[in-house]
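The values are calculated or read from the model by the stated rules, or taken from the named source; none is laboratory data. It should be emphasised that the depicted structure is a prediction, and the values quoted were computed from it without experimental measurement. Positions of Cβ are backbone-derived with ideal geometry, glycine not excepted, and every protein chain shown enters the neighbour counts. Surface areas here come from the heavy atoms of the whole protein model, side chains and all, with no ligands, DNA or RNA. Shrake-Rupley method; radii C 1.70, N 1.55, O 1.52, S 1.80 Å.
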Amino acid sequence: MGLLKEFKEFAVKGNMMDMAIGVIIGASFNKVIDVLVKKVLMPPLSYLTNGIDFKDKVIILRDAELNSAGEIIKEKIALGYGALFEAFLDFIIIGFTVFIVVKFMNRLRNKAHDTKDETVVTPKDIQLLSDLTDLMKEQNELLRSK
């Protein structure tokens, strides 16, 4: 019964919901980035390189071997550096986008934590800590003056 109670507390606190929302947004974000790279960025890059399709770019280590009937005896072995290039481009775009989002969120959080800024509502815990700090400074100044 204790395990069920712990799970209920975990789920109610929002940890599980936050994680589920993060996974769903992450999957959607992945689709957006995939389309951005494959349908928006790669075609102009391909155009600038005279129609090279990067996903088909490979370094062939061994050609396929065929028998006299034209059937494949041994598969070709190739390194797909074009797919690696596209994956690397995905990574750069995702990394940059996450950096921008985190930077924006940090700016909002820092603004909310500034107790002197009246334009943004400061969280209660931050306001209480700020008030406590101010009171302690006031008390220390009174003690020093005596």
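Here are some notes:
- Additional length obtainable on full extension of the chain from residue 128 to residue 116, 0.36 nm per residue less Cα span: 3.0 nm
- Long hydrophobic helices in the chain: the complete DSSP H runs spanning 15 Å or more by Cα along their own axis with mean Kyte-Doolittle hydropathy of at least 1.0 are 15-35.
- Ratio of Rg to Rh over the stretch 25-139 (Cα coordinates, Kirkwood Rh, two decimals): 1.39
- Leading residue at positive end of dipole, the stretch 1-118 (Cβ point charges), from 49, 28, 10: 10
- Residue 68-residue 141 pseudo-label distance in nm [points 7 Å out on the Cα-to-Cβ vector]: 10.3 nm
- Here the label points at residue 102 and residue 53, each 7 Å from Cα along the C-beta direction, are separated by 3.6 nm in the simple model.
- Lys, Arg +1 and Asp, Glu -1 on Cβ, resulting dipole of the chain about Cα centre, debye, nearest 20: 240 debye
- The local environment of residue 64, defined by Cβ-Cβ distances under 12 Å, has a net charge of -1 under the rule Lys, Arg +1 and Asp, Glu -1.
- Residue 16 accessible area, assembled protein chains, probe 1.4 Å, Å²: 60 Å²
- For the pair residue 77 and residue 33 in one chain, pulling the backbone fully straight at 0.36 nm per residue adds 12.9 nm over the alpha carbon distance.
- Pairs of lysine residues in the stretch 27-87 that meet both criteria, 8 or more places apart or on different chains and Cα atoms under 25 Å apart, total 11.
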